[in-house]
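Let me begin by presenting the structure, written as C-alpha cells, before commenting on it.
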Amino acid sequence: MARFLVARLVQAIVALSILSLIIFVLSRIVGNPADILLPVDAPPEARERLIRDLGLDRPLYEQYAVYLRDLVRGDLGVSVRSRESVLGLIAARLPSSIILAI
C-alpha cells in the first residue's frame with residue numbers, strides 16, 4: 001500500500017512538473033508581455049523598464065525558477081486584462097465552478 005502511494009505521489013509530481021513547464025513555455029511563445037501591456041506608442045525607456053521589472057531580461061531558466069517559486073507560494077501573479085490578483089479572480093469564481101461541476 002505504501003509503495004502504491006509513493007508511486008502515485010511521484011507520478012503526480014512528474015505530471016505537475018511537466019504541466020508547469022508547458023504552461024511556462026506557452027506563456028513565452030505568445031509574445032513579449034511588454035508588447036501586450038504597453039501601448040504601441042510607449043517610449044523605449046518604458047518598455048525596457050517593464051522588461052526589467054518583470055524579469056524578462058533574465059535567462060529563461062531563471063525566469064522558470066522564479067515562476068516555480070511563485071507558483072509554490074500561491075502567487076499566480078496579476079491579470080493582464082483586469083490588473084487584479086489571479087488568485088483572487090479564481091477564488092471569486094470558484095463557488096460557481098463547483099456548483100456547475102456538481
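The values are calculated or read from the model by the stated rules, or taken from the named source; none is laboratory data. Owing to the predicted nature of the structure, the values given are computational and were not obtained by experimental measurement. Because the Cβ atoms are built from the backbone with ideal geometry, glycine has one as well, and the counts that use them run over all protein chains shown. The protein model used for the area step is the full one, side chains on, heavy atoms only, and it has no ligands, DNA or RNA in it. Shrake-Rupley method; radii C 1.70, N 1.55, O 1.52, S 1.80 Å.
Given the condition open to solvent by 80 Å² or more (accessible area, probe 1.4 Å), more than 18 Å from Leu16 (Cβ to Cβ) and among the acidic types (Asp, Glu), answer yes or no: does some residue in region 77-85 qualify?
Yes: one or more hits.
Filtering region 1-50 down to residues that are among the polar types (S, T, N, Q) and without any contact (Cβ under 8 Å) to a residue 12 or more places away in the chain, which residue is farthest from Ala65 (Cα to Cα)?
Among those that are among the polar types (S, T, N, Q) and without any contact (Cβ under 8 Å) to a residue 12 or more places away in the chain, it is Gln11.
Take region 1-42 and flag every residue that is more than 17 Å from the chain's Cα centre (by Cα) and surrounded by fewer than 10 Cβ atoms within 10 Å (Cβ to Cβ). Outline the logic, then answer.
Of region 1-42, the ones more than 17 Å from the chain's Cα centre (by Cα) are 1-14, 35, 38-42.
Correct list: Met1, Ala2, Arg3, Phe4, Leu5, Pro39, Val40, Asp41.
Check off (1) at pLDDT 90 or above; (2) open to solvent by 60 Å² or more (accessible area, probe 1.4 Å) for Gln63 and give me the number that stays unchecked.
(2)
May I ask you to list the residues in region 59-80 that are part of a helix (DSSP H, G or I) and aliphatic (A, V, I, L, M)?
Start the filter on region 59-80 by keeping residues that are part of a helix (DSSP H, G or I), which leaves 60-73.
Hits for region 59-80 are Leu60, Ala65, Val66, Leu68, Leu71, Val72.
Testing Leu89 on (1) in contact with a helix residue (DSSP H, G or I) (Cβ under 8 Å, 6 or more places away or on another chain); (2) open to solvent by less than 60 Å² (accessible area, probe 1.4 Å), one condition comes back false. Which one is that?
The failed condition is (1).
When you check Ala42 against the structure, is it at pLDDT below 90 and not in a helix (DSSP H, G or I), yes or no?
yes
Given the criteria open to solvent by 90 Å² or more (accessible area, probe 1.4 Å) and under 20 Å from Leu21 (Cα atoms), does Arg52 qualify?
Here the answer is no, as Arg52 does not meet what is asked.
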